[in-house]
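Undergrad: Next up is a structure, given as structure tokens.
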Amino acid sequence: MTRPRASEGYAAAFTADHSQFLCLLPTTAASVFVFYCSVATVRFSGDFYQLIVDNRPSVQFAVQILANALSFLQALVLCRVINFTVRRYFAHEAMSLDSLRLWIDLIALRMNWGLPCKFWLPLGLFMLATMALKGIWAAALTPVEVWKATHGEVFVPSWENVTHVKEYPSEVGREGPTIQTSQGRFSYSVGTQIRGHLLMSATSATTTDGGSREHRKIDNSRYTYIGRSYGLGTSAGLLDRNLEEDRLAISYKYQEDGYTTDVKCIHNETSNFWIGSTAFDWLWAAQGELPDSDDGREYSDYIGHRGTNIVALGVAHFADVDAEKLPLRKYLAFSTGESYKMLDKLQCEVDFTPARFNVTVNKLGRNITVVPTEGKDVEDIEPSRRLKGTVLRQFALISNDETNLYVSVVGQALNASITDLYTYYASRGNDKKTPSDEEMVRKGVENSIKAVCDDMLGAYGSAQLVLSDLKSTTPAEVRKAAIAIGEIRFAAATFAINTAIILAFIIEAVRTSWWKGLPSFDIGDIRQLIVASSNGGPGLGRAASQRKGNKMGQLRVRLARSDEGLLGLLGDEQGECDESSPIMEKKSSSTTIDVVHYGRSGWGPGWI
């Protein structure tokens with residue numbers, strides 16, 4: 001009897017057994033592809049995106065099929081490497097039946113609870129690992145909705161021509177250019193034609209929770225500002241039809257120049273703006289000079305019972321409204337009746353500082369966010385001061401128009417803002433130091449003036465776009481809906497696992513000189529096991545029958561080959577070999593038994 005002869009390993013490089021290693025080609029291509037797509041942030045948009053979105057169930061079905069196929073190929077390679085290594089070992093070393101069962105189950109990818117308990121853990125872990133491959137591949141291949149940055153352009157108002165930006169009388173028929181469309185009302189008489197929205201802004205200027213204020217855009221675009229608008233983002237929903245009609249467009253972001261409106265109010269007891277009676281019982285005169293008056297006092301008539309219901313706002317007028325550059329206007333003066341005494345003698349300084357802003361328009365959420373940048377030395381968008389001065393003059397018009405015999409709507413709006421501020425501090429308890437009543441009044445009024453100024457700047461910007469068609473373009477980053485192949489963590493996992501399998505294959509192939517000495521006997525082939533057991537004769541069977549229960553699994557067997565080339569399984573102990581077996585026939589007439597020893601392969605003690 002001889003040990004089995006080694007096959008020619010290098011010559012068998014492309015046999016059917018070895019060809020299974022070619023399964024690494026598709027898995028490597030797939031893992032490299034998904035990893036590259038994740039690292040390079042490859043995004044698929046357009047028709048491919050629409051195909052994925054419209055066929056979610058079919059796509060997921062295809063992903064599961066592909067994930068199962070790729071994980072199966074990887075498991076096949078692992079099992080083949082294990083198969084070759086065990087076969088090579090078994091060619092010259094004995095192995096217990098339990099160990100043989102373990103390797104057969106492991107190669108067949110099945111859990112066998114009939115094995116000794118010590119084999120459950122390694123077999124179970126290997127099974128779980130191969131099952132996890134399916135999940136990792138599925139996660140790496142599943143299309144994920146993301147966004148893709150593209151370039152575009154949006155319109156912004158142009159302020160090179162401000163001919164229509166001026167103060168118009170409040171009388172009916174004398175208003176400035178105005179138009180009503182399905183998109184909303186647009187007018188250069190902002191203080192009279194859009195005052196309902198402005199008063200609403202003044203009322204809701206202070207939030208009761210201290211968070212960002214959300215307020216509707218002054219047109220019918222259904223957009224909402226998150227935080228302050230600063231008068232920007234006016235073209236959203238009006239002149240961005242190309243983006244509105246783009247089903248894939250999610251949002252867009254651009255930079256626009258404008259003003260940061262800062263307001264600082266004080267109680268000026270020496271204010272020279274006051275309310276006095278006239279020759280008519282229900283007519284009262286608000287008059288006086290402001291710190292920036294340069295053409296005499298201000299004067300306007302208000303109506304009211306006994307004057308207690310009046311909230312008069314004074315803003316210095318212009319001596320020459322057609323001047324190339326108007327004088328600076330920055331003060332608002334309050335004079336009130338007894339009903340609004342907390343607002344009396346207020347004097348607010350309003351500063352319009354040129355600044356650059358990041359404007360983000362979220363098309364899906366229908367909201368706009370405007371955030372000032374940290375850049376300095378921004379050029380004034382309208383250096384003639386006509387826009388800033390006209391905005392302030394609207395406060396005087398609104399306060400006059402919105403005062404009746406019994407109440408001042410402006411006073412009520414400011415009172416609502418102040419009340420919300422009280423509510424905010426009351427809800428905070430002792431978390432914050434509560435300001436004094438005067439500080440509450442000043443802060444509430446400051447919030448309202450900022451909100452109204454922002455909306456008026458936006459109203460004039462919309463008028464420039466819609467009424468005068470005065471606009472310019474600015475570059476924008478458009479975010480479009482796109483598809484990414486999986487997530488980077490799973491893509492990296494598939495790449496790492498596939499690389500590990502390749503390394504394991506290469507290391508084992510080099511260590512064994514491409515499995516030199518690999519016998520043709522395959523422990524995973526039930527046909528070869530049956531034939532080899534038969535060739536070994538009944539001796540092994542008798543030895544096994546003498547062992548009961550789990551002891552049978554401890555029986556050690558070895559693989560042998562006769563001079564005629566027959567393979568057989570023999571017991572490793574004396575008495576477990578049958579002299580009548582085909583493996584022993586030719587050796588019975590010989591007094592010398594030649595045994596081919598290949599030596600140990602370096603495995604040492606372990607599961608085998």
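The values are calculated or read from the model by the stated rules, or taken from the named source; none is laboratory data. Bear in mind that the values here come from a model prediction, so they are computed numbers and not experimental data. All Cβ positions, even for glycine, are placed from backbone atoms using ideal geometry, and neighbour counts span all protein chains on display.
Undergrad: Has the range 478-498 got any residue that is over 30 Å from ILE266 (Cβ atoms), charged (D, E, K, R), in a helix (DSSP H, G or I) and under 33 Å from the mean Cα position of the chain (by Cα)?
TA: Checked against the condition, which is being over 30 Å from ILE266 (Cβ atoms), charged (D, E, K, R), in a helix (DSSP H, G or I) and under 33 Å from the mean Cα position of the chain (by Cα), the range 478-498 yields at least one hit.
Undergrad: Could you tell me which of the residues GLY444, GLY458 is farther than 30 Å from ILE179 by Cβ and assigned to a helix (DSSP H, G or I)?
TA: On inspection, the qualifying residue turns out to be GLY444.
Undergrad: Now, a different point. Could you list all residues from the range 198-221 that are of a type in the set (Ser, Thr, Tyr), touching a residue at least 40 places away in the same chain (Cβ under 8 Å) and either under 25 Å from THR434 (Cβ atoms) or not assigned by TED's automatic domain parsing to the domain that holds LEU239 (or both)?
TA: THR203, SER204, THR206, THR207, THR208
Undergrad: Please state which one of VAL81, VAL59 is part of a helix (DSSP H, G or I), within 21 Å of PHE119 (Cβ to Cβ) and at pLDDT 80 or above.
TA: Numbers: VAL59 fails: within 21 Å of PHE119 (Cβ to Cβ).
Checking each option against the conditions leaves just VAL81.
Undergrad: Could you list all residues from the range 291-310 that are of a type in the set (A, V, I, L, M, F, W, C) and at pLDDT below 95?
TA: ILE303
Undergrad: Looking at ILE250, ILE194, ILE179, can you tell me which residue is within 26 Å of the chain's Cα centre (by Cα) and in contact (Cβ under 8 Å) with a residue 40 or more places away in the chain? It would help to see each step written out before you state the result.
TA: On the way: ILE194 fails: within 26 Å of the chain's Cα centre (by Cα); ILE179 fails: within 26 Å of the chain's Cα centre (by Cα).
Result of the check over ILE250, ILE194, ILE179: ILE250.
Undergrad: Name the residue, out of LEU343, LEU414, LEU392, LEU397, that is over 20 Å from ASP455 (Cβ atoms), assigned by TED's automatic domain parsing to the domain that holds TYR223 and touching a residue at least 12 places away in the same chain (Cβ under 8 Å).
TA: On the way: LEU414 fails: over 20 Å from ASP455 (Cβ atoms); LEU392 fails: over 20 Å from ASP455 (Cβ atoms); LEU397 fails: over 20 Å from ASP455 (Cβ atoms).
When all the criteria are applied, what remains is LEU343.
Undergrad: Sticking with this one: Looking at the range 358-378, is at least one residue closer than 19 Å to ARG329 by Cα and not hydroxyl-bearing (Ser, Thr, Tyr)?
TA: Scanning the range 358-378, I find no residue that is closer than 19 Å to ARG329 by Cα and not hydroxyl-bearing (Ser, Thr, Tyr), so the answer is no.
Undergrad: Here is a further query. Evaluate the range 443-450: report whether one residue or more is β-branched (Val, Ile, Thr), in the same structural domain as VAL321 (by TED's automatic domain parsing) and surrounded by 20 or more Cβ atoms within 10 Å (Cβ to Cβ).
TA: If we filter the range 443-450 for residues that are β-branched (Val, Ile, Thr), which is where we start, we get 445, 449.
This time we only want the ones that are in the same structural domain as VAL321 (by TED's automatic domain parsing), so: 445, 449.
Now drop any that are not surrounded by 20 or more Cβ atoms within 10 Å (Cβ to Cβ), which leaves 445, 449.
For the range 443-450, residues β-branched (Val, Ile, Thr), in the same structural domain as VAL321 (by TED's automatic domain parsing) and surrounded by 20 or more Cβ atoms within 10 Å (Cβ to Cβ): present.
Undergrad: Just give me the residues in the range 453-506 being more than 30 Å from ILE52 (Cβ to Cβ) and without any contact (Cβ under 8 Å) to a residue 24 or more places away in the chain, in sequence order.
TA: ASP469, ALA500, LEU503, ILE506
Undergrad: Kindly check whether there is at least one residue in the range 71-92 that is surrounded by fewer than 19 Cβ atoms within 10 Å (Cβ to Cβ), free of Cβ contacts under 8 Å to residues at least 12 places away in the same chain and either not acidic (Asp, Glu) or not assigned by TED's automatic domain parsing to the domain that holds ASP522 (or both).
TA: yes
Undergrad: Taking TRP113 and the conditions (1) touching a residue at least 12 places away in the same chain (Cβ under 8 Å); (2) more than 15 Å from PRO143 (Cα to Cα), which numbered condition does it fall short on, given that it satisfies the others?
TA: In the conditions (1) touching a residue at least 12 places away in the same chain (Cβ under 8 Å); (2) more than 15 Å from PRO143 (Cα to Cα), TRP113 misses (1) alone.
Undergrad: What is the number of the single condition among (1) assigned to a helix (DSSP H, G or I); (2) modelled with pLDDT under 85 that ILE507 does not meet?
TA: (2)
Undergrad: Another one. Considering the range 347-381 alone, what residues qualify as being part of a loop (DSSP other than H, G, I, E, B), touching a Lys or Arg at 6+ places or on another chain (Cβ under 7 Å) and either surrounded by 13 or more Cβ atoms within 10 Å (Cβ to Cβ) or not assigned by TED's automatic domain parsing to the domain that holds SER221 (or both)?
TA: ARG366, VAL378
Undergrad: So, in the range 449-483, how many residues would count as being farther than 30 Å from THR163 by Cβ and not acidic (Asp, Glu)?
TA: 6
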